[in-house]
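Enquirer: The structure that follows is given in the form of structure tokens.
The values are calculated or read from the model by the stated rules, or taken from the named source; none is laboratory data. Computed from a prediction, not measured in an experiment: that's the story for all the values here. We place every Cβ from the backbone using ideal geometry, glycine too, and count neighbours over all the protein chains shown. Just the protein is used for accessible areas: all its heavy atoms, side chains included, with ligands, DNA and RNA removed. Shrake-Rupley method; radii C 1.70, N 1.55, O 1.52, S 1.80 Å.
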Amino acid sequence: MPNTLAGKAALVTGGSRGIGAAIVRRLANDGAAVAFTYAASDDKARALVGEVRAQGGKALAIKADSADAKAVQQAVSQAAEAFGRLDILVNSAGILIAGVVDAYDLADFDRMVAVNVRAVFVATQAAVPHMGEGGRVITIGSVTADRSGFAGSSVYSMTKGAVASLTRGLARDLGPRGITVNVVQPGPTDTDMSPQGEIGERVRSLISLGRMGKDSEIASLVAYLAGPDAGFVTGAALTADGGYLA
Ligand SMILES: NC(=O)c1ccc[n+]([C@@H]2O[C@H](COP(=O)([O-])OP(=O)(O)OC[C@H]3O[C@@H](n4cnc5c(N)ncnc54)[C@H](OP(=O)(O)O)[C@@H]3O)[C@@H](O)[C@H]2O)c1
């Protein structure tokens, strides 16, 4: 078991399934105590906590809807209190409500912004007072910040462009405190969120490696950014997309 994150404490938003769950597993495997939030998947969250603990790790599941700023702030406090510190924040919670512009519901637009963008700001604002020199803020953006890819993805792409810009600004705010802030931009990755059917096939045909990414392949980039080797990396957007943008 690599021990690069021994003694560190992490909070991962949206950790019950998909990429977030892979990040929880990876950070715990690298030695960090890991809290994670989720919105609905009680059984999956419980099972993941059990899995990490069975391997000798520390995990804590916190039910907190990212659309609710108070719930996000409380989740950060709860994680910091439970572990006595907070070194790493990974903003992974995200939703995809697709739709072309003239059929897009404004309530869906607001929910997308609340979960995919505002919650990233709220969690970061709540987490940094707990962090010292060496702190890490990592957000899961998307290659859609750079390539929309298909019709109906304008709002999702906008939210991922927003967190990429937010990351650069936060890196400027927090650099003087020794806290790094980066965005990981996955390409199409095999999770419940990945496009299926005709769009799925079209997306797959645009990936140089001819396959979707695995959640663990995104988690390994997060583990790098969270670890000591990435001390001079901040304000960066790191892409893992199998050559989708190539
Ligand atoms: N899959 C891809 O192809 C892909 C590509 C690029 C970027 N991404 C990004 O990667 C991140 C993870 O996506 P994924 O593919 O792993 O999605 P996923 O399989 O749908 O999992 C989403 C996770 O986020 C949680 N979540 C959703 N809404 C939430 C809310 N309001 N409050 C708290 N937690 C919430 C879910 O919790 P519950 O189980 O409780 O609902 C779940 O743990 C997202 O930011 C996504 O935009 C994904």
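Enquirer: Quick check: with the 1.4 Å probe, what order do Met212, Met158 take by accessible area, largest first? Could the numbers behind the result be given before it?
Expert: Values: Met212 20, Met158 85 Å².
Greatest to least solvent exposure: Met158, Met212.
Enquirer: Here is a follow-up. So, taking all protein chains as they sit and a 1.4 Å probe, how much accessible area belongs to Leu106, in Å² rounded to tens?
Expert: Leu106 exposes around 130 Å² with every protein chain in place.
Enquirer: Have a look at the DSSP beta bridges in the range 9-240 and tell me what percent are antiparallel, nearest 5.
Expert: 0 percent
Enquirer: Between Asn3 and Tyr224, what is the FRET efficiency for a Förster distance of 22 Å, r being their Cβ-Cβ separation, to the nearest 0.05?
Expert: 0.90
Enquirer: Sticking with this structure for a sec: For Gly213, which sequence-distant residues (separation of 5 or more, or a different chain) have an amide H within less than 5 Å of its own amide H, given hydrogens modelled in the peptide plane?
Expert: Those qualifying (amide H under 5 Å, at least 5 residues apart or on another chain) are Thr189, Asp190.
Enquirer: Using a probe radius of 1.4 Å on heavy atoms only, what accessible surface per residue do you get for the range 9-240? Whole Å² is fine.
Expert: In whole numbers, the range 9-240 has 45 Å² accessible per residue.
Enquirer: Additional query: Which cross-chain or sequence-distant (5 or more) residues have an amide H under 5 Å from the amide H of Thr139, H modelled 1.01 Å from N in plane?
Expert: Here Asn91, Asn182, Val183, Val184 satisfy the definition.
Enquirer: Let me ask something else about it. Using 1/(1 + (r/R0)^6) with R0 = 30 angstrom and r between the beta carbons of Asp173 and Arg46, what's the FRET efficiency to the nearest 0.05?
Expert: Once the sixth-power term is evaluated, E becomes 0.25.
Enquirer: Pick out, from Ala98, Gly235, Ala69, the residue whose Cα sits farthest towards the positive end of the charge dipole of the chain, with +1 on the Cβ of Lys and Arg and -1 on the Cβ of Asp and Glu.
Expert: Gly235
Enquirer: Can you tell me which of Asn182, Asn91, Asn29 moves the most in a GNM of the chain? Springs connect C-alpha atoms under 10 Å apart.
Expert: Fluctuation is largest for Asn29.
Enquirer: Please give the net charge around Thr37, taking every other residue with its beta carbon less than 9 angstrom from that of Thr37, where Lys and Arg add +1 and Asp and Glu add -1. List each step's numbers first, then the result.
Expert: On the way: positive: Lys63; negative: Asp65.
Summing Lys and Arg as +1 and Asp and Glu as -1 gives 0.
Enquirer: While we're on this one: Sticking to Cα atoms, compute the Rg of the range 117-246 to one decimal and its Dmax as the biggest Cα-Cα distance, whole number, in Å.
Expert: So, for the range 117-246, Rg and Dmax equal 15.4, 47 Å respectively.
Enquirer: Under the Kirkwood approximation applied to all pairs of distinct alpha-carbon atoms, what is the hydrodynamic radius of the chain in Å?
Expert: Evaluated on the chain, it is 17.8 Å.
Enquirer: Of Arg136, Arg202, Arg172, Arg26, which has the most accessible area and how do the rest follow, probe 1.4 Å?
Expert: Details: Arg136 15, Arg202 115, Arg172 195, Arg26 85 Å².
If we order Arg136, Arg202, Arg172, Arg26 from most to least accessible, we get Arg172, Arg202, Arg26, Arg136.
Enquirer: With a sphere of radius 15 Å drawn around the Cβ of Ala10, what net charge do the other residues whose Cβ falls strictly inside it have (Lys, Arg +1; Asp, Glu -1)?
Expert: My count for the surroundings of Ala10 gives +3.
Enquirer: Still on this structure, I have one more. Kindly point out which whole DSSP H helices in the chain project their C-alpha atoms 15 angstrom or further along the helix axis while averaging a Kyte-Doolittle hydropathy of -0.5 or above.
Expert: Flagged H segments are 18-29, 42-54, 69-83, 154-174, 215-226.
Enquirer: Just how much of Ile199 is accessible, in Å², when a 1.4 Å probe is used and the result is rounded to the nearest 10?
Expert: Probe radius 1.4 Å; accessible area of Ile199 about 60 Å².
Enquirer: Can you give the local net charge around Gly242? Use residues other than it whose beta-carbon is closer than 12 angstrom to its beta-carbon, Lys and Arg +1, Asp and Glu -1.
Expert: 0
Enquirer: If r is the Cβ-Cβ distance from Phe109 to Ser205 and R0 is 22 Å, what FRET efficiency results, to the nearest 0.05?
Expert: 0.15
Enquirer: Under the rule of -39500 (n - 2.57) per DSSP H run of 4 or more residues, summed and divided by the residues of the chain, what mean residue ellipticity at 222 nm is obtained, to the nearest 500 deg cm²/dmol?
Expert: Calculated from helices alone, the mean residue ellipticity at 222 nm is -12500 deg cm²/dmol.
Enquirer: Sort Ser41, Ser165 by accessible area with a 1.4 Å probe, largest first.
Expert: On the way: Ser41 30, Ser165 65 Å².
If we order Ser41, Ser165 from most to least accessible, we get Ser165, Ser41.
Enquirer: Moving on. With a 1.4 Å probe and all protein chains left in place, how much of the accessible area of the chain comes from carbon and sulfur atoms, in whole percent?
Expert: Working: 5770 of 11160 Å².
Carbon and sulfur atoms account for 52 percent of the accessible area of the chain.
Enquirer: Any idea how far the Cα center of the range 186-246 sits from the one of the range 63-82, in Å?
Expert: 27 Å
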